[in-house]
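Below you'll find the structure, written out as structure tokens, and then a few comments.
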Amino acid sequence: MAHNNSQPVRPNGVEVIKDNLPRLPGKPGVYRMFGADGEVLYVGKAKNLKNRVSNYAKLGGHTQRIALMISLTASMEFVVTETETEALLLEANLIKRLKPRFNILLRDDKSFPYILIRRDHPAPQILKYRGSKKHKGDYFGPFASAGSVTRTLDTLQKAFLLRTCEDTVFEQRSRPCMLHQIKRCAAPCVDLISEKDYQALADQAADFLRGKVVSLHEELAADMEKAAENLEFEQAARLRDRIRAIAAVRATQDINPEGVEEADVFALAVDGGQSCMQVFFYRSGQNWGTKAFYPKHERDATPEEIVAAFLVQFYDERPPPKLILTSHEPAQIELIEDALALRADRKIEVRKPSRGGKRELVVQALNNAREALSRKLAETASQARLLEEVRKVFDLPETPKRIEAYDNSHIQGSNAVGGMIVAGPEGFEKNQYRKFNIKDSDIEPGDDYGMMREVMRRRFSRLMKEAGLDTPSPTSKREGADGPTTEGQGNVVEQENKTALSATHREGEAEAGGQNKENTSSTDASSPDSKSKREGAAAPASAGNSSEQNQSRRDKLKSSPNYPDLVLIDGGLGQLHAVMETLQELGLSHEDVTLVSIAKGPDRNAGREKFFRPDKAPFMLPETAPVLYYLQRLRDEVHRWAIGAHRTRRSADIRKNPLDEIEGIGPARKKALLHRFGSAKAIARAKLSDIATVDGVSQALAERIYNYFHGS
């Protein structure tokens with residue numbers, strides 16, 4: 001008797017959509033289309049859900065992109081809203097969060113910097129600021145880049161002499177700092193200026209950033225003349241210097257000739273299926289910079305669709321200005337205006353100007369967009385050639401779309417940090433960079449291999465979870481290092497190639513690969529401990545694991561959007577083995593993840609790098625090969641990233657105050673203690689009776705503070 005072994009046929013996309021139609025209301029809302037693996041394919045909004053979704057149930061009349069999306073749809077979800085405007089806002093939020101494959105996506109949308117004048121202190125502080133507006137004060141922006149903010153702040157300091165120091169530094173000053181000496185701060189910390197006069201400086205700075213430049217200039221000029229008449233020549237000279245500094249700021253801000261007080265200008269250039277959106281920011285009648293974006297979309301997306309999707313996503317978490325100028329009139333412009341007005345709680349105008357000064361602003365932005373897109377296309381073509389060379393050098397099955405590079409940084413084991421950078425067809429993907437604070441207390445100070453194991457364990461454990469694979473328990477990890485792997489987790493690393501393990505290739509390479517530029521110690525790759533670990537890593541594969549299971553696991557891994565096509569490790573053979581051991585503990589092998597370590601040559605000379613791969617003999621590339629320069633750039637970038645993360649952690653550790661570790665001391669009591677004694681060292685030397693006299697410090701807390709510093 002024949003058995004029917006055929007698998008049940010999955011309904012096609014049209015059938016799935018038709019099945020949902022009878023249950024859909026004729027109301028506004030948002031719909032989501034999912035693939036068979038649960039991936040979100042598309043997020044859309046509708047004025048009438050039933051009518052909108054029914055369009056997808058038709059067999060013809062769709063573009064190739066929409067037809068493919070329909071065919072891949074395995075399920076749908078719906079959210080009903082009160083109005084179409086609410087549906088548009090929800091759609092934008094979901095698109096930014098879920099990043100569906102078939103939607104137009106705004107990329108590289110990090111928060112823009114602002115200038116903040118803090119008003120929660122008697123002596124206002126001026127600083128560069130990102131994030132939610134949680135501080136009391138005046139916010140000015142957005143600025144297009146951190147560099148434009150820094151340049152403006154630098155000149156504002158000369159003009160208005162506002163402090164930039166933190167409150168803790170301010171409270172502890174007993175004499176003016178260097179900024180006062182070079183005439184960039186009025187030194188309110190030591191009362192060289194009255195509170196009233198300092199507040200006036202802060203108000204003048206705020207007026208300047210609001211665009212009240214002419215009236216401020218006239219006021220300062222009158223004060224300068226008055227001081228000169230009264231023979232107060234030093235005061236007149238200070239006012240003269242401030243007038244010059246304000247003029248310098250105005251000269252760099254490119255005042256808008258038409259007098260547009262507050263507007264954002266969006267210009268879209270499209271070529272070869274790619275696009276560039278150039279954004280100009282005008283605030284207080286001043287140009288505060290420009291930034292280029294490269295949205296992700298299908299080749300058949302129209303400029304009107306791209307502009308509409310971009311605007312709603314761009315202002316999803318940003319306050320829109322009163323006026324938005326565009327090079328193309330976005331689709332459903334009235335709906336977008338309503339949505340932005342609802343978010344800003346004021347009227348917002350979106351306009352495509354046809355003449356006059358506003359059109360000139362758009363044309364200027366459009367020219368910049370075209371030039372930026374031309375450069376991007378040239379860079380993309382060059383990047384594609386380099387990635388193809390990487391594929392050939394390392395014998396990859398496909399051109400890599402995601403390359404991950406890793407490095408560690410520490411000083412004698414302190415403040416150890418692991419770094420990961422990501423590169424792909426569009427260059428460095430900085431929003432994908434990660435840093436790993438080394439947490440394992442069992443790692444000996446300076447053990448680079450142990451640090452690399454922790455980084456890789458955390459990185460690939462997360463990748464396996466994303467792919468729906470189980471990770472071994474801590475107990476089974478150790479078993480996997482010495483023998484059989486956890487059941488169902490796949491092969492261990494296969495027997496190493498004898499050539500790659502020979503003493504000739506090991507000699508000197510561990511030292512070259514085992515140290516970071518900021519590191520001062522490393523584990524010897526040829527030590528007995530390292531040797532035993534390598535032998536454990538080279539244990540033969542478990543006989544119970546079939547090639548079908550391995551391939552299934554590998555397919556699941558590759559289904560993750562964060563799967564690396566190539567892992568590049570800054571180090572030599574020792575680091576490579578540490579990574580292989582870690583993968584083995586997780587039930588993976590070097591066949592699941594392509595591993596390459598790069599070690600500097602003799603005397604750490606660039607150009608003489610040696611590359612190590614599992615089961616392969618080490619090799620070098622010609623010193624003039626473009627692909628070698630590219631791999632050096634990856635290595636240098638992860639090195640820079642790891643060192644930067646280490647320095648940040650080290651600086652935070654240096655700034656750490658012992659008072660932060662004492663229970664019961666919050667910001668207010670900490671401030672009161674430092675204001676009274678000046679520093680933590682002075683508190684440590686103080687008598688118990690003196691500590692108890694500080695406002696807000698009880699006798700019990702005073703005893704706790706005293707005992708903390710005196711070890712009792």
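The values are calculated or read from the model by the stated rules, or taken from the named source; none is laboratory data. Not measured: the values here are computed from a predicted model. Cβ coordinates were reconstructed from backbone atoms using ideal geometry, including for glycine residues, and neighbour counts include every protein chain displayed. Note: accessible area is taken over every heavy atom of the protein model, side chains too, but ligands, DNA and RNA are not part of it. Shrake-Rupley method; radii C 1.70, N 1.55, O 1.52, S 1.80 Å.
Quick check for you: which residues of segment 173-215 have the amide N under 15 Å from the point 7 Å beyond the Cα of ALA247 toward its beta carbon?
Within reach of a label on ALA247: 214.
Under a cut-off of 15 Å between alpha-carbon atoms, report the aspartates and glutamates in cross-link reach of LYS352, not counting same-chain residues fewer than 8 places apart.
Hits, sequence-local ones excluded: ASP264, GLU304, GLU305, GLU329, GLU334, GLU337, GLU360.
So the label point goes 7 Å from the Cα of GLU703 along Cα→C-beta, right? Which residues of segment 659-688 then have their backbone N under 18 Å from it?
Label zone hits: 662-665, 687-688.
How do LEU21, LEU41 rank by accessible surface area computed with a 1.4 Å probe, from largest to smallest? Could you put the intermediate results ahead of the total?
Details: LEU21 30, LEU41 5 Å².
Correct descending sequence by accessible area is LEU21, LEU41.
Along Cα→Cβ, 7 Å out, is where each label goes; now give me the distance between the ones at THR302 and ARG97 in nm to one decimal.
That separation, rounded to one decimal, is 3.0 nm.
Testing the spin-label approximation: label points 7 Å from Cα along Cα→Cβ at LEU688 and ARG175. State their distance in nm.
Between LEU688 and ARG175, the label points sit 3.6 nm apart.
Could you calculate the FRET efficiency of ASP223 with ASP154 from 1/(1 + (r/R0)^6), where r is the beta carbon distance between them and R0 is 22 Å, rounded to 0.05?
0.40
Counting C-alpha atoms alone, how compact is segment 624-712: give Rg to one decimal and Dmax as a whole number, in angstrom.
22.2, 72
Heavy atoms only, 1.4 Å probe, whole protein assembly: order ILE66, ILE683 by accessible area, highest first. Don't jump to the answer; show the numbers that get you there.
On the way: ILE66 30, ILE683 0 Å².
Per-residue accessible area, sorted high to low, gives ILE66, ILE683.
Using the basic label-point model (7 angstrom from Cα toward the beta carbon), what is the ASN230 to ASP695 distance in nanometres?
3.3 nm
Could you give the length gained by full extension between LYS50 and GLU360, i.e. 0.36 nm per residue of separation minus their alpha carbon distance, to one decimal place? All intermediate terms of the calculation are to be shown ahead of the outcome.
Working: separation 310, 0.36 × 310 = 111.60 nm, distance 4.34 nm.
Stretched out fully, the LYS50 to GLU360 stretch lengthens by 107.3 nm.
Please list, or write none, the lysines whose alpha carbon is within less than 20 Å of the alpha carbon of LYS600, excluding same-chain residues fewer than 8 places away.
Here the lysines satisfying the reach criterion relative to LYS600 are LYS517, LYS610, LYS616.
Sticking to Cα atoms, compute the Rg of segment 112-244 to one decimal and its Dmax as the biggest Cα-Cα distance, whole number, in Å.
Rg and Dmax of segment 112-244, Cα atoms, are 15.0, 48 Å.
Round to the nearest 10 and report in Å² the accessible area of HIS217, as given by a 1.4 Å probe over the protein chains' heavy atoms.
The value for HIS217 is about 70 Å².
With a 1.4 Å probe and all protein chains kept in place, how much accessible area does LYS401 have, in Å² rounded to the nearest 10?
Surface accessible to solvent at LYS401 totals approximately 130 Å².
Would you work out if segment 9-67 is rounded, prolate or oblate? Take a ≥ b ≥ c from the square roots of the eigenvalues of the alpha-carbon gyration tensor; rounded if a/c is under 1.5, else prolate when a/b is larger than b/c, oblate otherwise. Please list the in-between numbers first.
Working: a/c = 1.41, a/b = 1.33, b/c = 1.06.
Cα axes put segment 9-67 in the rounded bin.
On a full-extension model of 0.36 nm per residue, what is the gain between PHE78 and SER132, subtracting their alpha-carbon distance, rounded to one decimal in nm?
On the way: separation 54, 0.36 × 54 = 19.44 nm, distance 3.06 nm.
Extending this stretch completely gives an extra 16.4 nm.
Any chance you could run the full-extension gain for ALA237 through LYS439? It's 0.36 nm times the residue separation minus the Cα-Cα distance, nm to one decimal. Could you put the intermediate results ahead of the total?
Numbers: separation 202, 0.36 × 202 = 72.72 nm, distance 5.60 nm.
Contour length minus the Cα-Cα distance gives 67.1 nm.
Could you please state how large a percent of the accessible area of segment 71-197 is carbon and sulfur, counting protein chains only and using a 1.4 Å probe? Please list the in-between numbers first.
Numbers: 3220 of 6390 Å².
Carbon plus sulfur share of accessible area: 50 percent.
Quick one: of LYS96/LYS401; LYS128/LYS158; LYS376/LYS430; LYS401/LYS430; LYS96/LYS296; LYS196/LYS671, which pairs are farther than 18 Å apart, Cα to Cα? Spell out each step's value before the answer.
Values: LYS96/LYS401 22 Å; LYS128/LYS158 16 Å; LYS376/LYS430 16 Å; LYS401/LYS430 15 Å; LYS96/LYS296 12 Å; LYS196/LYS671 23 Å.
From the list (LYS96/LYS401; LYS128/LYS158; LYS376/LYS430; LYS401/LYS430; LYS96/LYS296; LYS196/LYS671), the Cα-Cα distance tops 18 Å for LYS96/LYS401; LYS196/LYS671.
Ignoring ligands and nucleic acids, what accessible area does MET620 show with a 1.4 Å probe (Å², nearest 10)?
Probe radius 1.4 Å; accessible area of MET620 about 100 Å².
Order the following by accessible area, largest value first: THR648, THR83. Probe radius 1.4 Å; ligands, DNA and RNA are ignored.
Heavy-atom accessible area, descending, gives THR648, THR83.
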